[in-house]
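Structure first, commentary second.
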Amino acid sequence: MNVLSFGSCNIDYVYHMDQFIRPGETKSCLHLDQNCGGKGLNQSIALAQAGAKVFHAGLIGAEGTFLREKMQSKGVDTTFVRVGEGAGGHAIIQVDENGQNCIILYGGTNRQITPVFIDEVLEQFNAGDILVLQNEISNIPCLMEKAYAKGLRIAFNAAPYDDAVRSYPLEKVEWLIVNEVEGGGLSGESDYEKIAQKLAQIYPQAKIMLTLGKSGCIYRCGNEVLFQRACRVEAVDTTAAGDTFIGYFIRGIADDLPMSETLKLATAASAIAVARPGAADSVPEYREVLASPLLSTL
């Protein structure tokens, strides 16, 4: 079984601050890092670090060829990564002294995904393969429709969330992956238990994966409900925590692991990632997660 991560590639400009900047304020940052990022790239690397056979498809700018090289160095197949027109996607990220972040995204070449390119990529995949999507590229509904018609199993991370997500053909999604903000937007609920319950009602065909940060996560499939508490770690940078979790979650699915084991692996992996600076570079390897003392505490 192959995993296709069709998603964004960004250059992350990370500004480390003592506190987030306020409206009207001019302030110097403590220091600046330039990293590889984008939810698509991060999740592709997380999948590869978790041991999955993963292909990344997407468009980068001419200035972003090092993003492709980074994925290759981590074991991602980049056959379907092409150079688009103009500037590539990038993100301006503030990280405060508590490890929290706020992010401004510029779509760039990530918004140049066309139906022709989609057809070209999907032609190389078969029924039963897993398609991993986020909401940082163009033509997501087209991707869902074409992949579903071909028999691919779709995992959709509805991030970053906007109202357009409600109009997507989510009835074709097998795994709907959201945090409290995204889940609240789709469900209209604020309590996390009600979010998971309402999403299961709205999208009965989907398996709901609700991540709750330091409060853990809830997995709901029909009448099956699993709660996994989080690990207690000191956060340094939470930028790729969710992407790390998703990479390990999908790897567990691809390997047909018990869901309880999958959630523990994904939780431990994301805890390791938040204790490190950076996005893609913070994702741990599978063997490191297996050897981590965090795993035994779950």
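The values are calculated or read from the model by the stated rules, or taken from the named source; none is laboratory data. Keep in mind that what you see is a predicted model, and the values were worked out from it rather than measured. Cβ sites come from the backbone with ideal geometry, for glycine too, and all protein chains shown count toward neighbours. These accessible areas exclude ligands, DNA and RNA; they are computed on the full protein's heavy atoms, side chains included. Shrake-Rupley method; radii C 1.70, N 1.55, O 1.52, S 1.80 Å.
Just the accessible area for SER215, please: 1.4 Å probe, Å², rounded to the nearest 10?
60 Å²
Looking at the range 4-71 only, what percent of DSSP beta bridges run antiparallel? Nearest 5 please.
Antiparallel bridges make up about 70 percent of those DSSP assigns within the range 4-71.
I'd like the antiparallel share, as a percent to the nearest 5, of DSSP beta bridges with both residues in the chain.
So the antiparallel bridges amount to about 40 percent of the total.
Using Cα-Cα distances under 8 Å and only pairs 6 or more residues apart, what relative contact order does the chain have, in percent?
Dividing the mean separation by the residue count of the chain yields 17 percent.
In the range 1-146, what % of DSSP beta bridges are antiparallel (nearest 5)? Intermediate values should be presented prior to the final figure.
On the way: 13 of 33 bridges.
For the range 1-146, the DSSP antiparallel bridge percentage is about 40.
Given Cα pairs under 8 Å that are at least 6 residues apart, what percent is the relative contact order of the range 1-145?
32 percent
Indicate the helices, whole DSSP H runs only, in the chain that combine a mean Kyte-Doolittle hydropathy of 0.5 or more with a Cα extent along their long axis of 18 angstrom or more.
Working: long enough: 241-254 (20 Å, 0.82); 259-274 (22 Å, 1.05).
Span-like helices, by this rule, are 241-254, 259-274.
Please get the size of the charge dipole for the range 136-242, origin at its Cα centre, with Cβ charges of +1 on Lys and Arg and -1 on Asp and Glu, quoted in debye to the nearest 20.
My answer is approximately 380 debye.
Give the residue from ILE202, VAL121, MET144 lying farthest towards the positive end of the charge dipole for the chain; charges sit on Cβ (+1 for Lys and Arg, -1 for Asp and Glu) and the dipole is referred to the Cα centre.
It is ILE202.
Tell me the per residue accessible area of the range 21-76 using a 1.4 Å probe; a whole number in Å² is fine. Mind showing how you got there, number by number?
Values: 2530 Å² over 56 residues.
Per residue, the range 21-76 has 45 Å² of solvent-accessible surface.
Divide by every residue of the chain the summed helix terms, -39500 (n - 2.57) for each DSSP H run of at least 4, and state the resulting mean residue ellipticity at 222 nm, rounded to the nearest 500 deg cm²/dmol.
Numbers: 10 runs with 98 residues, N = 298.
Computed ellipticity for the chain at 222 nm equals -9500 deg cm²/dmol.
How many percent of the accessible area of the range 174-298 is carbon or sulfur, using a 1.4 Å probe?
Answer for the range 174-298: carbon and sulfur cover 49 percent of the accessible area.
Could you tell me which label, among (1) 119; (2) 145; (3) 127, carries the value of volume of the Cα convex hull per residue in Å³ calculated for this structure?
Only one option fits the structure, namely (3).
Run the quick spin-label model on ILE104 and ARG229: label points 7 Å from Cα toward the beta carbon, then report their separation in nm to one decimal.
In this crude label model, ILE104 to ARG229 measures out at 4.0 nm.
Using only the Cα atoms of the range 91-221, build the gyration tensor, take square roots of its eigenvalues as a ≥ b ≥ c, and label the shape rounded, prolate or oblate: rounded if a/c is under 1.5, else prolate if a/b is larger than b/c, else oblate.
In terms of gyration-tensor shape, oblate.
For the range 58-123, which GluC sites (Glu not before Pro) pass both filters: DSSP loop (anything but H, G, I, E, B) and at most 11 other C-beta atoms within 10 Å?
GLU85, GLU97, GLU123
With the cut-off at 1.5 for a/c, could you classify the range 160-227 from its C-alpha gyration tensor as rounded, prolate or oblate? Don't skip to the end; give the middle numbers.
Working: a/c = 1.71, a/b = 1.15, b/c = 1.48.
It is oblate, given that a/c is not under 1.5 and a/b is not larger than b/c.
Could you tell me which of ILE253, ALA230, VAL181 has its Cα farthest along the dipole of the range 168-277 towards the positive end, charges placed at Cβ (Lys, Arg +1; Asp, Glu -1), taken about the Cα centre?
Looking along the dipole axis, the top candidate is ALA230.
Out of the range 14-56, which trypsin sites (Lys or Arg not before Pro) are coil in DSSP terms and have no more than 13 other C-beta atoms within 10 Å?
Working: sites: LYS27, LYS39, LYS53; in loops: LYS27, LYS53.
Qualifying residues, ordered by number: LYS27.
Compute the Cα gyration tensor for the range 188-298, then decide on rounded, prolate or oblate, letting a ≥ b ≥ c be the square roots of its eigenvalues: rounded whenever a/c is under 1.5, prolate when a/b is larger than b/c in the other cases, and oblate in all that remain.
prolate
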